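A short reminder: the numbers here are calculations on the coordinates, not readings from a lab. Predicted, not measured: the structure shown is a model, and the values here were computed from it. All Cβ positions, even for glycine, are placed from backbone atoms using ideal geometry, and neighbour counts span all protein chains on display.
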Amino acid sequence: MSTSRQSRAAFWSTIPRRGRVLFFGAVFCTFAPGMVLPMALGDSPAFAGVLTALVCSGLIGMFWAMAFTYHIGWIAAALGMQLATFTGFGGLLPGWAWPRVVGFDWVGMVSMALVATGYGLFIAFISTEGRRSLRERTELALAQQIHARLVPPIEVRAHGYEVFGRSMPSTEVGGDLVDLVVDDDAMDVYLGDVTGHGVRSGVVMAMTKSAIHTARRAGADMGGVLAQVNDVVEDLTDPEIFVTFAALRVSPGGVLRYAMAGHLPILWWRAGEGAVTRLENEALPLGVMAGESFPSREARCAAGDLLVVLTDGLIEVSGADGRQLGVDGFAGLVERHAALPLAEMFERLVEDVAAIGRVDDDRTLLLIRVLDGEG
């Protein structure tokens, strides 16, 4: 099934039964006079013939409408009905040979009434679905506002680090999370990616953020924080939902402690070498298995080093040759722009990815520059 056909089917599956009845009733009434009006050019069309023509013409219109709203297979029903109608069902069509007892004025009045009824039903359908759509848009706008408050842009300088990050949802509400908490002696930075995107992913993202803030108050290391959040996500979400996550704690002097849960590697650009080193993931995503452990690792960064954390929306983009950018390709972009100020580097990276191909997923990027690193 093509994407456009899937989209149409998905849309019509959301329309309540009353709305579908209004729509197809409107189609029926609008098209019903189609074969009746030519009959009026004769002397006196028979009542049964008029009635049968109304029903057949309306059904033909409905079948064509169903072919373009539900499934292309309804075209066969439309063509079959047309053929049967125009051949008089092999001479069995009621009223085609009956005595003509109904006058032209009656046929014209019925035809006009049906057209008017069809028009009215279309208006009723549009009004009903319009109200529903307006209500849904209002609710979605509220969800957008909540998402914007939960995942605001980050631009902070503290404890010898500069941090810049932003999430760019692919729909009105995204499933990516970027967050930062500054303490007296350290700074915690988080980036997560919930499976899928849209409202459901956004709800799980909000729940994950709340669980992270609750867990970190207990004073656990990064691995301990992720272990607690993992059990919450596993307990409260469906089996197909999981969250990839990277948690970093940076302290004065270039000290980095981090833990990861099924996430893409952290890209560590070393200023002294001008090259990227990967800090690899060692655990399952959050929510896959209760009781999972998440190793906490430590690294020492030098002044000028850069840490880059991202979600897969920035690497799962394909060029004209069909090849995905991938982690290696993105690491090359990081090396190209690493000397730029963080805000400018962010924009360059996003622009470079967009220039490669179409982006269909949420994109989140977090940049951490070490200002006062290990001596």
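Annotations for the structure displayed:
- Separation of the residue 210 and residue 146 label points, Cα + 7 Å toward Cβ, nm: 0.9
- Measuring nothing but alpha carbons in the stretch 223-328 and taking Rh as the Kirkwood radius, the Rg to Rh ratio lands at 1.04.
- Relative contact order, whole percent, for the stretch 226-373 stands at 26, derived from Cα pairs under 8 Å and 6 or more residues apart.
- Estimated FRET transfer efficiency when R0 is 51 angstrom, pair residue 71-residue 157 (beta carbons, to 0.05): 0.30
- Local charge for residue 169 was computed over the other residues whose Cβ lies under 9 Å away, with Lys and Arg +1 and Asp and Glu -1, and equals -2.
- Here the Debye sum runs over all C-alpha atoms of the stretch 153-370 as equal scatterers in vacuum, and log10 of I(q)/I(0) at q = 0.10 Å⁻¹ comes out as -0.40.
- R0 of 56 Å, Cβ-Cβ distance residue 275-residue 238: FRET efficiency to nearest 0.05: 0.85
- Cβ-defined net charge surrounding residue 221, 15 Å radius [Lys, Arg +1; Asp, Glu -1]: 0
- Neighbour net charge for residue 357 - beta-carbon separation under 15 angstrom, K R +1, D E -1: -4
- Length released on extending from residue 355 to residue 181, taking residue separation times 0.36 nm less the Cα-Cα span: 59.3 nm
- Within the stretch 148-244, trypsin sites (Lys or Arg not before Pro) in DSSP loop having at most 14 other beta-carbon neighbours inside 10 Å: 217
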